[in-house]
Structure formats: C-alpha cells, structure tokens
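Novice: First the structure, then my questions, so here it is.
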Amino acid sequence: MELTNIYDTFTLNNGVKVPCVAFGTYKAAEGDNVEILRQAVACGYRYFDTASFYGTETFLGQAVKESGIPREEFFITSKMWKDEMGYEATKEAFAKSLERLGMDYLDLYLIHWPQPSPGCEDWKTVDAETWRALEELYEEGKVRAIGLSNFLPHHIENLMKNCHVRPMVDQIEFHPGHTQETVLSYCREHDILVQAWSPVGRGRVLADELITELAAKYGVSPAQVCLRYALQRGVVPLPKSSSEERMRQNRDLFSFEISGEDMYRIGAMPPVGWSGEHPERERVRL
Ligand code: A2P
C-alpha cells in the first residue's frame, strides 16, 4: 500500500492496524515533558512510544487527556523494564504503566530487552514466563497487540517454540549505517512488524556524506532521508524531537520517494552511528 501521511497504517499479524510513524518519548523527560508531548499532539502525532524505563508515561497520559481527543484516536505503546520480567512482575508492571498513563488499555505492550542482564543463564525461561503474562493480558483484552523489543532471531525462536500467541512486533535500533538485516529478514519471514528506535541515528549519520548528498538531491533534510528509508523498508520509525520544527520535519515524509538505486546505496553504506547497545553485551564503548 502506498503511504500518504502518518495516519496510514501497517497491519500486524493479528489484523490490528498501526500508524506508520510514531513519536518516541525516551528522554523527552529531560526537557519540559508535558509541553513537548502537547506539542507533538498538536503537530498531529497520535502514535506514542513510551516505556516504564523512560519515566514519560505520566506526562504522556496527561498530554493525551488534556488534548480532549478521544483515547481511541491514539495508539499507545509501552514496555516493561528488565527488572520487571517474569510472570507476576510483568502483570504488576503492566498495571502500573496503565495507572501512570491514566488509561484502561494499551494498544501495544512489549518486552523491552530479551535478557534481564547480559550473560543471564536462564533467559529462555524468563522470556517464556514474561510472554505467558503478555498472552494473558492480550487474551483478556487489556492490550490490542503484544511484541518484543531488541530481540534477535534466536530470542524470538525461543518464544515461538512454545507460545500460542505469536509476537506481532519487534522494535530494534535501525537507521542507515545500522540496519540489522538478520533481524529484518527473520521478522519478514515470520510476519513480525519491525519498528525502528533511534531512526535518525546519531549526529554522525546525519552528517554522513551519502545521507547529506541524498538530502540535497531530494530537497529534504538528512533526518527525513533516514525516516523515509525506514518507511520504504516497511519499518515503522519512532523519531523523537524536542523542537517543533523537527517534529514537523519528521512527520512530513510523503512528498518524495527514494529511488531503488539510492535505497541500495543506503543499505550498503559503511556502518555508522550504532548506539553500542546489544542485548548480549555490556554497553559497547565506541
Ligand atoms: P532534538 O530533540 O534536538 O530534535 P535518535 O537517537 O532517536 O535517532 O535521535 C537523536 C536525536 O536526533 C534526537 O534527540 C533529536 O534531538 C534529534 N533529531 C530528531 N529529529 C531530527 C531532525 N529532523 N533533524 C535533526 N535532528 C533531529
């Protein structure tokens, strides 16, 4: 389907429709929280990505409520943190997220990381127990879709072996210079929608010579090249920004199309801008 604005959707493997661009709230907590989220709503964003770890759920809930826009017009994702994994803890974490958001359901709930800590020996059991809690929340109608974040194919395989509800989403770090093709192709094969955190990467991606060349060619900003690249790969970008001007840029991705040749050039560019976060390593210092 051709995407024409941020309200157009991708369809998950359970039929739920997800808007094609979200607003990320990580580190929104470092600025004037509610004001940034109010601006994002005013800018037109309706899909917001938060997590218990971000400390932004309360502010997001407030911005949604104050907007006067019906809850059903929003798409809200949250995630439980590494120390909230396991069957009972996940149920509690979910209830706390709802309470902080002031909502009675979520659109999407994710396991934030596949391991409570790198080197955790019983991660397979912990993941399976956490997933069992998510399946129940889903079956009880408390969340419209459930999924994963930062899961690599072998982590997903472990869940797929025993689950009765298949994961619908995997949210990973994805941007030009770090596209995690192994995860992408696995997810495509198994009908799992990939979402991109850090979709514009870091300063180095925005200053990269290919990205700036293409920005000039298409008459857009380097960040818009990165976000459009994700969309054309069938990946939902979750840009975040504290500036109204950049919020608008990150929403306006539909008046240009990256050519097939340029898509290959981006896909094959040298690695750049990786965060250093990997589920099986202590943070890699770059
Ligand atoms: P800012 O809040 O100053 O706009 P990420 O790691 O999620 O890819 O993004 C890192 C940073 O990129 C964000 O915190 C944001 O900072 C900045 N950013 C977001 N959108 C744009 C944009 N359109 N142009 C330049 N920088 C951007």
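The values are calculated or read from the model by the stated rules, or taken from the named source; none is laboratory data. From a predicted model like this one, the values you see are computed outputs, not experimental measurements. In this analysis, Cβ positions are derived from the backbone assuming ideal geometry, glycine residues included, and neighbour counts consider all displayed protein chains. Calculation scope for accessible area: heavy atoms of the full protein, side chains included, ligands and nucleic acids excluded. Shrake-Rupley method; radii C 1.70, N 1.55, O 1.52, S 1.80 Å.
Novice: Any idea what the alpha-carbon Rg over 2.2 N^0.38 Å comes to for the stretch 16-128?
Specialist: Numbers: Rg = 14.7 Å, N = 113, 2.2 N^0.38 = 13.3 Å.
Expressed relative to 2.2 N^0.38 Å, the Cα Rg reads 1.11.
Novice: Right, next: What number, rounded to the nearest 500 deg cm²/dmol, is the helix-based mean residue ellipticity at 222 nm of the chain, given -39500 (n - 2.57) per DSSP H run of at least four residues and division by all its residues? Walk me through the numbers on the way to the answer.
Specialist: Details: 11 runs with 113 residues, N = 286.
The per-residue figure over the chain is -11500 deg cm²/dmol.
Novice: OK, next. Tell me, what are the semi-axes, in whole angstrom and largest first, of the equivalent ellipsoid of the stretch 103-156 as set by the roots of 5 times the Cα gyration tensor eigenvalues? Walk me through the numbers before you get to the answer.
Specialist: Details: eigenvalues 102, 24, 16 Å².
Semi-axes, largest first: 23, 11, 9 Å.
Novice: Could you list the GluC sites (Glu not before Pro) in the stretch 140-199 that lie in coil according to DSSP, counting only those with at most 10 other Cβ atoms within 10 Å of their Cβ?
Specialist: Working: sites: E140, E157, E173, E181, E189; in loops: E140.
Answer in residue order: E140.
Novice: Counting C-alpha atoms alone, how compact is the chain: give Rg to one decimal and Dmax as a whole number, in angstrom.
Specialist: For the chain, the Cα-based Rg and Dmax read 18.1, 53 Å.
Novice: Tell me the carbon and sulfur percent of the accessible area for the chain, rounded to whole percent, probe radius 1.4 Å.
Specialist: Details: 6090 of 12590 Å².
Looking at the chain in its full context, I get 48 percent from C and S.
Novice: Still on this structure, please answer the following. Just for the Cα atoms in the stretch 129-286, what are the lengths along the principal axes, largest first, rounded to whole Å?
Specialist: 49, 32, 31 Å, listed from the longest principal axis down.
Novice: Continuing with the same structure: I'd like the accessible area for W274: 1.4 Å probe, protein heavy atoms, all chains in place, Å² to the nearest 10.
Specialist: Surface accessible to solvent at W274 totals approximately 70 Å².
Novice: A further question on this structure: Could you state the accessible area per residue of the chain in Å², with a 1.4 Å probe and every protein chain left in place? Present the calculation step by step, with values, prior to reporting the outcome.
Specialist: Working: 12590 Å² over 286 residues.
Result: 44 Å² per residue.
Novice: Mind telling me which of G234, G86, G276 comes out most flexible in a GNM of the chain, alpha-carbon contacts under 10 Å?
Specialist: Of G234, G86, G276, the Gaussian network model singles out G276 as fluctuating most.
Novice: Have a look at L108, Y45, V34 and report the one farthest towards the positive end of the charge dipole of the stretch 32-179, computed about the Cα centre with Cβ charges (Lys/Arg +1, Asp/Glu -1).
Specialist: Toward the positive end, the furthest listed residue is Y45.
Novice: Cut-off under 21 Å on the C-alpha distance; same-chain residues fewer than 8 positions from K124 excluded. Which lysines are left, in chain and number order?
Specialist: Hits, sequence-local ones excluded: K79, K82, K91, K161.
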